[in-house]
Each structure stands twice: as C-alpha cells, then as structure tokens.
1. For a quick check: with amide H placed at 1.01 Å from N, whose amide H comes under 5 Å from V110's, ignoring anything fewer than 5 positions away on the same chain?
2. Can you give the local net charge around A97? Use residues other than it whose beta-carbon is closer than 12 angstrom to its beta-carbon, Lys and Arg +1, Asp and Glu -1.
3. Taking the chain as a Gaussian network, where each spring joins two C-alpha atoms under 10 Å apart, which residue of D177, D49, D19 fluctuates the most?
4. With label points built 7 Å along Cα→Cβ from the Cα atoms of T192 and E239, find their separation and express it in nm.
5. Taking segment 96-182 on its own, what percent of its Cα-Cα pair distances exceed 21 Å?
6. If you roll a 1.4 Å probe over the chain with all protein chains in place, what percent of the accessible area is carbon or sulfur?
7. Could you please state, rounded to a whole Å, how far the C-alpha centre of segment 37-52 is from the C-alpha centre of segment 191-247?
8. As a check on your grasp of the helix formula, calculate [θ] at 222 nm for the chain: sum -39500 (n - 2.57) over DSSP H runs of n ≥ 4, divide by the residue count, round to the nearest 500.
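The values are calculated or read from the model by the stated rules, or taken from the named source; none is laboratory data. All figures in this text were calculated on a predicted structure; none of them were measured in a lab. Cβ coordinates were reconstructed from backbone atoms using ideal geometry, including for glycine residues, and neighbour counts include every protein chain displayed. Quick note on the areas: whole protein, heavy atoms, side chains included, nothing else; ligands and nucleic acids left out. Shrake-Rupley method; radii C 1.70, N 1.55, O 1.52, S 1.80 Å.
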Amino acid sequence: MNPGVSDKPGKALHHSGPDPRIIRIEGLWKCYDGEDCGETAALRGLDLDVRAGETVAIYGKSGSGKSTLFNLIAGLDRPTRGIISLEGRPIHEMPEAERTRFRRSRLGFVFQFFNLIPTLTALENVQLPLEMLSREPEAALNVLRTVGLSGKERRYPHELSGGEQQRVAIARAVVKDPALILADEPTGNLDTETGDQVLSLLAKLSRDAGTTLLLATHSERSSRIADRVLTMSDGRITEETAGEDRP
C-alpha cells in the first residue's frame, strides 16, 4: 500500500463541509439469479468513493465486474442491492426517464470500439450531444481542434484512423462539460503508442476541465495517468494504490 492511501479500498477520508464525493457506492450487489445471488453475483458488496475532479482507474481482468459496475453507475442497469449516488443523487432510485436525462446531461462516455455514427462526419458526431441538449453547436468545432483534429472535421469515421476515431469519441464525451466521464477500455482497440497518446489526452482534458474520470482497463499502463488505481477481482475492489506519474 502506498503512503497516503486509505487502507480501506474504495473508502474516502472523512471531510468537513460539503461532501466532496461525486460517486458514493455502498454495499453494491448485482446478481443474475434473484436476491440469493450465489455463484451468479457479478458484484459482491462493493464500496467505492470517488472525489470530484479525480482520475481513477479500475483495473481488472475480463469478468472481474468492471463493465457491470460501469453499467450500474451509468444507470443502464439496476443493482440487486446497494446504493449508487452521483452528485448526491440516488441514481439507482430514479425512474427511467429521469436516469436518461441525467445520463444525457451529466455523464460522458468513451468506449473501446468508438461507437461513432458512421453516417455522420466527425463534426456532426461531436455536435450530436449538444443538439440533444438544445445547446448551440459551435463548441464542437473548438473541441475537435483541441483534440488535434483540425482539418478533419468533415471526414466520416471510415476515413479516420483508429486513434483519430477515438479522439472524436473523446471530443464527443467532453463537449457537453459533463461532471463524470466513464471510459470503458478506451485503448483496447488501439496499438500501444496510440493508446498512450489517447490516455494522456483524455486525462489532460479531464483535469483541465475539473471533470471526474473513471477508467475501466485491463492494462496496468493506465496507472500512469490515474490519481488512484483500484484493482477488481470477483466483483470486489481488492486493492488500492496511487498512480505512478500524477502531476
């Protein structure tokens, strides 16, 4: 355990004043065999606190529960038991329509396979979340330039490299100024050098904007851009360490 890191994985230190946590998860279970769970539990009583503005990597092998955790945080699924609070709001208790509005306005997403709309240009892909929120689309052009895609705004996804497509996906995630970005294996479809560039860009944009970044990964290299690295195994957080190269 590194110095200065709590000896209780996922538990934040006590603070006075307003709650600094953007994510508060307590006793989270997700089972696929009713309330009894048994061997079908994907998450097993997981606790997790993430402070606003923090970059946290969730490291674990396939099947450790990372994607299940992200789906629950995003409100795409409901837990069997436990509490999920985002910005002080119990997302696990929200009706579907409210969860959709919250997800659309407060969360950004970056996926392994980019998930760009193939019939839209890079600029149109980034403008889409702004249009859904009835916001002016001009910010999309500035964000594309920030991620290094000046001159490629009118290209379609198939005309871009994998790294460029992921930069478009990052721009789409940050353009609406979300409180939290969930990045699920964002470098899993990229070579090592391009993946490192994408991770560094994502971390820099998040820190510059004060946005919380939660990164699911099976690569230990992600620890280089994280404030904390939490290791998951069998639906639990089993270890917490500090990132290697924090600014």
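1. L182, A183, D184
2. On the way: positive: R99, R101, R103, R104; negative: E96, E98.
Around A97, the surrounding residues sum to +2.
3. Largest GNM mean-square fluctuation: D19.
4. Label at T192, label at E239, 2.1 nm between them.
5. Working: 856 of 3741 pairs.
Pairs farther apart than 21 Å: 23 percent.
6. Values: 5540 of 11890 Å².
C and S atoms contribute 47 percent here.
7. 19 Å
8. Working: 6 runs with 69 residues, N = 247.
Taking each H run of at least 4 residues, the total per residue is -8500 deg cm²/dmol.
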